[in-house]
Amino acid sequence: MMRAWVSPMLLVVSGSVVATELISGGNPIAATVLLLLFLLLAGLTSPLIFPRSIGVLEAQRRSAVDGRPIVFWRPGCTYCLRLRIRLGRSARHVHWVDIWRDPAGAAVVRSANDGNETVPTLVIAGRPHVNPDPEWVREQLCPPV
């Protein structure tokens, strides 16, 4: 769990240091802008932007019942962030498994990716799709009628 917060916390600390230097140099406006930018980046790389993660066994059980796909992700992954943002509200129609919090989830990803922990890995109907196009994923969630 702590590993997921290392990058966001480093961004907050770095932003604070840069802002302090700018304030002591007499430039509070630039300090404020840069601090806000660092805080935004910290928020985007944190687990907060993703729906609540569940374990792989629970995700597989739920997926078998409701047919929703499972997305294996990890904090700090820009491709995972891209998928999450591009899905928008549709992201809640997917079961999210954080492979850093669930070793069994990481094992599923490695088995689907020749031993690599490549994320995002989406599993629909038992078939893995590595780093899928967000538009394609959205089509899978809401097929045209």
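Out of 137, 119, which single residue is assigned by TED's automatic domain parsing to the domain that holds residue 60, closer than 16 Å to residue 79 by Cβ, out of contact with any Phe, Trp or Tyr (no Cβ under 9 Å at 6 or more places or on another chain) and buried (at least 20 other Cβ atoms within 10 Å of the Cβ)?
137
The single residue among 39, 57 that is more than 22 Å from residue 14 (Cβ to Cβ) and out of contact with any helix residue (DSSP H, G or I) (no Cβ under 6 Å at 6 or more places or on another chain) turns out to be 57.
If I filter segment 20-41 for residues that are within 14 Å of the chain's Cα centre (by Cα) and either in a helix (DSSP H, G or I) or modelled with pLDDT under 95 (or both), do I get at least one hit? Yes: one or more hits.
Residue 57 meets each of the listed conditions (1) among the hydrophobic types (A, V, I, L, M, F, W, C); (2) farther than 16 Å from residue 121 by Cβ; (3) without any contact (Cβ under 8 Å) to a residue 40 or more places away in the chain apart from (3). For segment 42-76, the candidate set comprises residues that are outside any loop (DSSP other than H, G, I, E, B) and of a type in the set (Ser, Thr, Tyr); within that set, the residue that is farthest from residue 116 (Cα to Cα) is 63. Tell me which residues, restricted to segment 34-62, are in contact with a Pro (Cβ under 7 Å, 6 or more places away or on another chain) and hydroxyl-bearing (Ser, Thr, Tyr). If the condition is that a residue be in contact with a Pro (Cβ under 7 Å, 6 or more places away or on another chain) and hydroxyl-bearing (Ser, Thr, Tyr), then 45, 46 are the ones that fit. Considering 62, 84, 110, 127, the condition of being among the charged types (D, E, K, R), outside the structural domain of residue 10 (by TED's automatic domain parsing) and crowded, with 19+ Cβ neighbours inside 10 Å is satisfied by 84 alone. Restricting to segment 20-36, give me the number of residues that are touching a residue at least 12 places away in the same chain (Cβ under 8 Å) and surrounded by 14 or more Cβ atoms within 10 Å (Cβ to Cβ). Qualifying residue count, segment 20-36: 4.
The values are calculated or read from the model by the stated rules, or taken from the named source; none is laboratory data. Computed from a prediction, not measured in an experiment: that's the story for all the values here. Cβ atoms come from the backbone with ideal geometry, glycine included; neighbour counts cover every protein chain shown.
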